[in-house]
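The values are calculated or read from the model by the stated rules, or taken from the named source; none is laboratory data. Everything numeric in this text was worked out from a predicted model, so none of it was measured. Positions of Cβ are generated from backbone atoms using ideal geometry, with glycine treated the same way; all protein chains shown enter the neighbour counts.
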Amino acid sequence: MTDDLFSRDAYLATCAATVVGATDDGVVLDRTVFYARGGGQPGDTGVLRWGEHVTPVTDTVKARDTGEIVHLVEGDTPQVGTGVTCDIDWPRRYLHMRTHTALHSLSGIIFADHGAKVTGGNMEPGGVARMDFELESMSAELGRDVEAKLNARLAEDRPVHVVLLPRAEALRDPDLIRTKINLVPPSIDPIRVIDIEGIDKQADGGTHVRSTGEVGRVHVVKTESKGKANKRMRIRLEGP
């Protein structure tokens, strides 16, 4: 399996790698800084450089049958055995990192105040995202209250830690699985946990910033009801 460097250091924007699998549409590498789409976070884009070639990576996904990380490419495809340099679109990735940490912090505040689990979530271009909660009601007033609490906690510049826990240990803490349905595949052991000190701690495979101060201000731009006990908050980050 590809060594997913991003899972240990989200700030790596480039790395050397070797092609271990290639088709007309996608390339598999022995190691990568490209995050594969999942958990509501988009896959990374960027380029693969090899010789005189610069091959755009238009998306990064996981193969359904193997779970292997596949870099979807346009243009010339490097063949198996080729050494390449991976360069992600860093500004795009960094915005996803800030957004993801904002969503986890939002989840932590809702869970602390209401005990509500997450029923869905997704990130969109431009620092826009949404998260759905198992709540009986949702209002603009609640959105304003959550926005104020969220920005106050983010401004505390809390550290964000990546922790690997043995599966049995992680599953003994029911609060680590914050989604309504446990989305962690049975084969995952250890389980990767994101710990935003004093705000949120849950199993997650995505990329995050090192501290909440990097997120900046967040606005709750819309609150919606998506059905009984399924309520949505949309957020937008300030700045690029």
* Which residues, taken from the range 21-50, are closer than 11 Å to E68 by Cα and among the β-branched types (V, I, T)? -> V27, V28
* In the range 84-125, how many are touching a Phe, Trp or Tyr at 6+ places or on another chain (Cβ under 9 Å) and among the hydroxyl-bearing types (S, T, Y)? -> 4
* Asked: Is there any pair with a first residue in the range 106-128 that is assigned by TED's automatic domain parsing to the domain that holds L150 and within 13 Å of L150 (Cβ to Cβ) and a second that is of a type in the set (D, E) and at pLDDT 90 or above whose Cβ atoms are under 9 Å apart and which are 6 or more apart or on different chains, and what are they?
  -> L106/D200; S107/D200; G108/D200; I109/D200; F111/D200; A112/D200; D113/D145
* Asked: Tell me, which strands (runs of 3 or more DSSP E) lie completely within the range 1-91 with 3 or more residues that are touching a Gly at 6+ places or on another chain (Cβ under 8 Å) and either over 24 Å from H104 (Cα atoms) or among the β-branched types (V, I, T) (or both)?
  -> 14-22, 53-62, 69-73, 83-88
* To do: Residue by residue through the range 60-83, note down the ones that are under 28 Å from I188 (Cβ atoms) and in contact with a Phe, Trp or Tyr (Cβ under 9 Å, 6 or more places away or on another chain).
  => T60, I69, H71
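Restricting attention to the range 187-235, and to residues there that are aliphatic (A, V, I, L, M) and touching an Asp or Glu at 6+ places or on another chain (Cβ under 6 Å), which single residue is nearest to M131 (Cα to Cα)?
V220
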* Among the residues of the range 56-82, write down those that are polar (S, T, N, Q) and either within 30 Å of A203 (Cα to Cα) or free of Cβ contacts under 8 Å to residues at least 24 places away in the same chain (or both). => T58, T60, T66
* Restricting attention to the range 20-71, which residues are of a type in the set (A, V, I, L, M, F, W, C) and crowded, with 22+ Cβ neighbours inside 10 Å? -> V27, L29, V33, F34, A36, L48, V57, I69, V70
* To do: Kindly indicate whether A10 is free of Cβ contacts under 8 Å to residues at least 60 places away in the same chain, among the small types (G, A, S) and within 30 Å of L150 (Cα to Cα).
  => no
* For D157, are the conditions met, namely being closer than 21 Å to G40 by Cβ and in contact (Cβ under 8 Å) with a residue 12 or more places away in the chain? -> no
* Give just the number: which of (1) modelled with pLDDT under 95; (2) outside any strand (DSSP E or B); (3) not charged (D, E, K, R) does L164 not satisfy? => (2)
* Determine which single condition T85 fails, assuming it passes every other condition in (1) under 21 Å from D9 (Cβ atoms); (2) buried (at least 16 other Cβ atoms within 10 Å of the Cβ); (3) of a type in the set (S, T, N, Q). => (2)
